[in-house]
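Accompanying notes for the structure given below.
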Amino acid sequence: MLAAAGDDEGIKLINTIDGSIARVLKGHRGPVTGLAFDPNGEYLASIDSIGTVIYWELQSGRTLYTLNGVAPDTGSDTSVLNVLSWSPDGETLAVPGMKNDIVMYDRDTAEKLFTLRGDHMQPICFMSWSPNGRYMATSSLDKQVLIWDVKRKQDIDRQNFDERICCMAWKPIGNALAVIDVMGKYGVWESVVPSSMKSPTEDIPNSQTRNSNGLLFFDEEDQDLSMSGSLSDLGEDSHGESEPPSRKRLRKQSVIDDDQHEDVYDELNLVRKTEPQRKVPRVNKENSDKDKDALKAMMAFRPKMQEAFQPGSTPPHPGKRHFLCYNMLGSITTIKHDEYSHIEIDFHDTSMGPRVPPMTDHYGFTMASLNENGSVFANPRKGEKNMSTLMYRPFRSWANNSEWYMRFEGEEVKAVALGSTWVAAVTSLNFLRIFTNGGLQKHILSLNGPVVTAAGFSNELAIVTHVSDCLPSNEQMLEFTLFNISKGTQVFKGRLPLTPGSYLTWFGFSEEGQITSYDSKGILRVFTSQYGGTWLPLFSASKERKSGENYWVVGLNASKLFCIVCKNPDTFPKVLPKPVLTLLNLSFPLASSDLGEEALENEFMVNNLNLSQIQNRIEVTAGEGLDTSSLDDEAFDIEAAQDRCIFRLIASCCNSDKLVRAIELVKLLSIEKSVRGAIQLATALKLPILAERFNDILEERLRNKAEVSNTTTLGSKHDPATKRSETSEPIVSSSSAKLSAPLFTKKVKSLDRVKFGKQKTDSDQSRNLADSKEVKDAEKNGGSSHVSSVKEVKNLETRCPSNPFSKLPNIQEGKKVEEATRSQFEGPSNKSSNEEAKKVVGEVTGKQCQRPSNPFLKSTVK
C-alpha cells in the first residue's frame with residue numbers, strides 16, 4: 001500500500017499491485033505535510049500545515065483520534081513542513097511541538113506522554129529514530145541537529161551546519177547518521193552516540209524485525225470478491241465486529257525462520273477457510289532492511305527555487321583549490337587557509353600582458369568575474385556587522401591605488417558581472433547596482449524577482465531572475481532581461497526556457513555577443529532576434545555524450561562549443577591537473593529526414609542563424625556610423641558557404657526525386673552563379689522540366705534586379721544622396737515571399753576600372769556589338785529559350801575579371817555552360833548523366849570557395 005497526500009487535504013491509499021485507489025481519507029482542513037505508517041501495519045498517522053494530527057485505522061479507513069493544534073501552524077510558509085515519526089516498536093508517535101520541542105504521544109490512546117525540550121531556537125523540520133528506538137536525531141530551522149537520549153529525555157550531542165538539514169537516516173548497522181541539507185550537500189556523522197553509552201543498533205525491538213514494512217497484501221484467491229483488490233472492501237462486513245484471535249496473533253507473531261513462516265501461512269489458510277468473506281492481511285516473507293527504512297518518517301517536499309550561482313564557478317573543497325571564475329579569457333582560483341584565502345588569476349593566452357600577481361584574500365570571496373580590463377570579487381554577509389563586500393581590481397591603470405571596495409550592510413551580493421566600462425552586482429534585496437570601472441555608483445535598479453545569475457559582454461548585461469515559485473512538475477520559472485548599460489536602455493525581456501525538470505547550470509555570451517544558456521539536461525540554447533526574439537536549441541549533450549561523461553560549459557563561438565569533459569561522477573572540473581578544453585560542433589536536434597542528409601540540413605540551419613546574427617551586427621554598426629566592410633566580407637563568406645551547402649542539398653533532392661524541395665532550395669540561393677550551376681545540374685541529370693523551372697527563377701531574379709537598378713538610376717539623377725549609394729547593390733527579392741535567401745547589401749564593382757585608371761576600350765564596344773549580333777541570330781534560329789541561354793553564356797563571359805591570366809578558365813566555364821544548355825534542347829550527350837552531374841557539382845562548389853585575389857573584384861565571383 002502507498003499513502004499519498006498534498007494540498008488537496010485528502011490522503012489517497014493506493015494499491016501498488018494494480019495501481020488502483022483503494023480509499024481517500026478525508027479529515028484534514030489544511031495541506032497534508034507528513035505521513036507515517038505504524039511499524040505494525042495497523043495505523044496511519046498524518047499531520048497538516050495547521051498543526052492537526054490524525055490517527056487512521058487502515059482496515060476500516062476510519063478516524064481513531066484527532067489532535068487539533070498540537071504542532072506549529074506553518075500556514076503558507078513552505079520553508080518548514082510539519083512531520084511525524086513512529087518509534088521502531090510502534091508504541092510512540094513523535095510530533096513537533098509548539099515550543100520548538102518534540103512531543104511524544106501514546107499509540108493506543110493518543111495521550112501525551114512526555115516532551116523533548118532542548119536548545120532548538122526555531123521549529124523542528126525533521127526527526128529520525130535510531131534503529132533501537134533509544135535515541136532520536138532532530139533538525140531545526142536554526143541549522144542545528146540535536147541527538148537525544150529518549151529514555152533520559154535529554155540531548156547528548158549537537159552539531160551546527162551551514163544550511164538547514166532536511167533529512168536524516170541512521171545507519172542500520174553501526175553508530176553513524178547520514179544527513180543532507182537543502183542545498184544538496186550530504187555527509188555521514190560518525191560516532192553519533194558516545195562509546196560509553198548503549199549502541200543505537202543494540203537490542204532492536206522485535207517489532208522491527210516482524211511485519212515492519214506496514215504493507216497490506218491481497219491474496220489472489222480472494223480476487224473473486226473484489227477484482228480491484230482495494231481496501232474499500234476490506235473490513236466492510238466486519239465493521240464493528242471483533243477480530244478473530246488468530247488474526248491478532250498473526251499481527252503480533254514474530255517471523256524469523258522458515259518453520260515459523262510455515263506456521264504463519266498455515267494459520268492464514270485456516271482463517272481463509274473459516275471466513276471466506278473477509279480479506280486477511282498476509283505477512284511478507286522478505287523483511288529486508290530496505291523495507292524497514294522505506295516507511296520511516298515520510299515527508300512531502302515542494303520543489304525549491306534554484307539558488308543564485310556564478311557562471312564558471314565550482315563548489316569549494318576544504319584544502320583544495322577551486323574556480324571562482326572560468327571563462328574563455330582565463331580563470332580565477334582560490335584556496336582557503338586558516339584565516340585567509342589565496343587567489344590567483346591566470347590567462348589562457350599568456351601574451352596578453354604581464355602576469356597578474358596573486359592576492360591575499362581576507363574577506364572570504366566566494367564569487368568573481370573576469371574580463372580584459374579587470375576582475376570583480378564579492379562575498380556573502382559575514383562578520384559582526386553582517387556585511388557583504390564588493391571589490392574591483394583593474395589590470396592596468398595610470399593611477400596608483402585604483403582598486404576599490406563597496407560594502408553592503410544587511411544586503412548580500414548574489415551575482416556579479418563585468419562589461420567594458422562598468423561593474424554590476426545583484427543583491428539579496430533584488431537590487432541591480434551599476435558602478436563605473438573607477439568606482440562611481442551610477443545606477444540602482446529594482447528587479448522583478450530573486451536573481452539566479454548574471455553575465456556581461458561589452459556594453460550589454462543579461463540577468464536571469466525567478467518569475468514565480470516552481471511548478472509542481474519541478475520546472476523552474478525563469479526570465480531574462482538584457483540591458484545596454486552605455487545607452488541606459490532595456491534591449492529585451494522574456495522567459496528563459498528550460499528542459500522540463502531541469503535547472504540552469506551556465507549562462508553567458510558567445511564570442512559574437514549572443515546570449516546563451518545551458519541546463520542540467522544538457523540542452524544549449526542561443527537567443528536570436530528571429531520571430532520577435534526566440535531561443536534556438538543548438539546543442540544536445542544526449543546526442544554527443546559518451547557513457548560516463550559530463551560536459552561543463554565554458555563558452556562558444558559561431559560553430560563550436562567549448563567545454564570541459566568530466567568523468568562520472570564528477571560534474572565540474574578540478575583545478576589540478578589543469579583542465580583541457582574540448583571543442584564540440586553545434587548542431588540542431590533535427591528530426592530524421594527522408595532525404596538522409598542531416599549533416600547538410602544542420603549546416604544549412606546553422607548558416608542561416610549566423611547570417612541573421614551578422615545582419616543584425618551590420619545594422620547596429622551602420623547605425624553607429626562605423627565601417628562595416630569587415631562585416632560585409634564576413635557575410636559574403638557565410639553566404640558563399642551557404643550557397644555551397646544549398647547546392648549539395650539540391651543535388652541530393654534531384655537524386656532522391658524531391659523536385660519540389662529542390663525548387664524551394666534554388667529560391668534560397670543568393671549568388672546568380674549558384675543558380676546557373678543548378679540549371680547545369682538539372683540538365684546533366686536529364687531533368688528538363690526542373691531545369692526549365694530553375695531557368696524561370698533565374699530570369700525572374702534578373703528581371704527584378706534590372707527593375708531595381710533602373711529605379712535607382714532614375715532616382716539618382718534627381719537626388720544627390722542616391723548618387724553616393726551607387727556603390728551598393730540592392731537586396732534582390734526572391735520570387736517567393738516565404739522562401740527567400742538572406743541576402744546582404746554588397747558593393748558592386750562596376751566602377752572598378754575607373755578606380756584603377758582604366759576605361760572602356762574599342763574592343764569592349766566591339767564585343768558588345770558582336771554579342772548583340774549573336775543574340776539576333778539566335779532569335780531567328782532557336783527561339784526565346786535559346787536566346788536566354790546565349791545571354792547567360794555571354795553574361796558569364798563579360799563578368800570575367802580583366803586579368804588576362806584568369807580569362808581562359810572563365811571562357812572554358814562559359815563553354816561548359818553553353819554545352820550544358822545546348823544539351824537541354826538538343827538531346828543527351830554521350831557521357832552518362834550521373835558522371836556529368838558529379839562533375840558539375842564539383843566544379844560549382846569548388847569555384848565558389850575561391851575568393852578573387854583583388855578584394856575589389858568580389859562581384860566577379862558572385
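Bear in mind these aren't lab numbers, they're just calculated from the coordinates by the rules spelled out. What you see is a predicted model; the values in this text were computed from it and never measured. With ideal geometry, Cβ positions are generated from the backbone for all residues, glycine too; neighbour counts draw on all protein chains shown.
Counting Lys and Arg as +1 and Asp and Glu as -1 over every other residue whose Cβ lies under 14 Å from the Cβ of residue 592, the net charge comes to -3. Of the trypsin sites (Lys or Arg not before Pro) found in region 396-432, those that fall in a DSSP loop while having at most 10 other beta-carbon atoms within 10 Å are 396. The stretch between residue 60 and residue 122, if pulled fully straight at 0.36 nm per residue, gains 18.6 nm over its current Cα-Cα span.
Protection proxy ranking of 561-567, 315-321, by the mean of other Cβ atoms within 10 Å over each peptide's residues and highest first, is 561-567, 315-321.
For region 320-585, the equivalent ellipsoid derived from the alpha-carbon gyration tensor has semi-axes of 28, 23, 19 Å in decreasing order. Taking every pair of distinct Cα atoms and averaging 1/r, then inverting, what Kirkwood hydrodynamic radius in Å comes out for region 2-190? Kirkwood hydrodynamic radius for region 2-190: 17.0 Å. In terms of the mean number of neighbouring beta-carbon atoms within 10 Å, the peptides 600-612, 680-692 order highest first as 680-692, 600-612. A Förster radius of 56 Å combined with the Cβ-Cβ distance from residue 708 to residue 585 puts the calculated FRET efficiency at roughly 0.90.
Here the simple spin-label model places points 7 Å from the Cα toward Cβ, and for residue 76 and residue 180 these points are separated by 2.9 nm.
Suppose the chain between residue 108 and residue 173 were pulled fully straight at 0.36 nm per residue; how much longer would it get relative to their current alpha carbon spacing? If you can, show how the numbers build up before the last one.
Working: separation 65, 0.36 × 65 = 23.40 nm, distance 3.00 nm.
Once the chain is fully extended between residue 108 and residue 173, it gains 20.4 nm.
Approximating the spin labels as points 7 Å out from Cα along Cα→Cβ, the residue 578-to-residue 546 distance works out to 2.3 nm. May I ask for the net charge around residue 525, where only other residues with Cβ less than 13 Å from the Cβ of residue 525 are counted and Lys, Arg are +1 while Asp, Glu are -1? Local net charge: +1.
For region 593-675, would you read off the P(r) tail past 23 Å as a percentage of all alpha carbon pairs? Can you show the working numbers first?
Working: 1030 of 3403 pairs.
Tail of the P(r) past 23 Å holds 30 percent of the pairs.
Report the gain in length on full extension from residue 17 to residue 521: 0.36 nm times residue separation, minus Cα-Cα distance, nm rounded to one decimal. Intermediate results must be reported in sequence, preceding the final value.
Details: separation 504, 0.36 × 504 = 181.44 nm, distance 3.23 nm.
Extending this stretch completely gives an extra 178.2 nm.
Taking amide hydrogens as placed 1.01 Å from N in the peptide plane, the amide H of residue 330 sits under 5 Å from those of 348, each at least 5 positions away in sequence or on another chain.
Each of the peptides 153-160, 576-583, 30-37 was scored by the mean count of other Cβ atoms within 10 Å over its residues; in descending order, highest first, they stand as 30-37, 153-160, 576-583.
Beyond 19 Å between alpha-carbons counts as too far, so tell me which of 304/414; 320/578; 304/546; 185/546; 521/546; 26/304 fall in that bin.
Working: 304/414 17 Å; 320/578 13 Å; 304/546 30 Å; 185/546 27 Å; 521/546 14 Å; 26/304 27 Å.
Pairs exceeding the cut-off: 304/546; 185/546; 26/304.
Histogrammed with a bin width of 5 Å, the alpha carbon distances of region 536-620 distribute as 3, 12, 19, 19, 16, 12, 10, 6, 2, 0 percent, first bin at zero. With a Cα-only, solvent-free Debye model of region 380-514, what are the log10 I(q)/I(0) values at q = 0.17 Å⁻¹? Calculated log10 I(q)/I(0) at the listed q: -0.97.
In region 418-541, Cα pairs under 8 Å separated by at least six residues give a relative contact order of 14 percent.
Qualifying trypsin sites (Lys or Arg not before Pro) in region 24-67, where qualification requires a DSSP coil assignment and no more than 16 other C-beta atoms within 10 Å, comprise 29, 62. In percent, rounded to a whole number, the relative contact order of region 349-449 is 18, using alpha-carbon pairs under 8 Å and six or more apart.
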